[in-house]
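In what follows, a single structure is set out as structure tokens and then discussed.
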Amino acid sequence: MEITPTLVNAACDFLKVALEELPDDDSARRMVESMCDAFDPELKYQLLVMLLTNSMQSKLYLHPKDRLLSKKINAIKALRSCGNVTLLEGKLLVEAAEIEATALPKNIDVKRLKTELMGTGYQIV
């Protein structure tokens, strides 16, 4: 399946509307995350790139041999604690990093994140 710019834009618009229309609580966030889980990995990656295009600084890289769920969760927690990153953004960043080195938003404290990512299988490159 080819991921066209039109498809990426439509998916981005869908997520924005879902986040705007649903209440700002954990159950709504989980619902949006479940919707994202249904997306093709390449679409998720392109969505992430589109959402972060204007605010890139560093790149997050995952060693392919370390894809255990507990380490993924710890990497998301590290991202959230080192910058103004929502749970959904953190999840999308980490999932995109499994495919390719992924740009991080500028508001991330990179020095602190490097330390917090130790032992997760993720690193800043």
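The values are calculated or read from the model by the stated rules, or taken from the named source; none is laboratory data. In this text the structure is predicted, and so the values were computed from the model without any measurement. Every residue, glycine as well, gets a Cβ built from its backbone with ideal geometry; the counts of neighbours run over all protein chains shown.
Select from segment 1-33 the residues that are surrounded by 12 or more Cβ atoms within 10 Å (Cβ to Cβ) and assigned to a loop (DSSP other than H, G, I, E, B) and write down the one among them that is farthest from the chain's Cα centre (by Cα).
L22
Suppose we keep only residues that are under 17 Å from T102 (Cβ atoms) and among the hydroxyl-bearing types (S, T, Y) within segment 1-55. Which one would you say is modelled with the lowest pLDDT?
Selected residue: S55.
State whether the residues of segment 114-121 include one that is surrounded by 14 or more Cβ atoms within 10 Å (Cβ to Cβ), more than 27 Å from L19 (Cβ to Cβ), of a type outside the set (K, R) and modelled with pLDDT of 80 or more.
Quick first cut of segment 114-121, residues surrounded by 14 or more Cβ atoms within 10 Å (Cβ to Cβ) only: 114, 116-117, 120-121.
Adding the requirement that they be more than 27 Å from L19 (Cβ to Cβ) leaves 114, 121.
Remaining after also requiring of a type outside the set (K, R): 121.
From what is left, the residues that are modelled with pLDDT of 80 or more are 121.
Among the residues of segment 114-121, at least one is surrounded by 14 or more Cβ atoms within 10 Å (Cβ to Cβ), more than 27 Å from L19 (Cβ to Cβ), of a type outside the set (K, R) and modelled with pLDDT of 80 or more, which makes the answer yes.
Give me the pairs, please: first residue somewhere in segment 72-95 and over 17 Å from M31 (Cα atoms) and buried (at least 23 other Cβ atoms within 10 Å of the Cβ), second residue anywhere and of a type in the set (F, W, Y) and modelled with pLDDT under 90, beta-carbon distance under 7 Å, and either six or more positions apart or on two chains.
A75/Y122
Confirm whether L62 is over 12 Å from the mean Cα position of the chain (by Cα) and at pLDDT 75 or above. Explain how you work it out, then say what you get.
On the way: over 12 Å from the mean Cα position of the chain (by Cα): yes; at pLDDT 75 or above: no.
For L62, the condition - over 12 Å from the mean Cα position of the chain (by Cα) and at pLDDT 75 or above - is not met.
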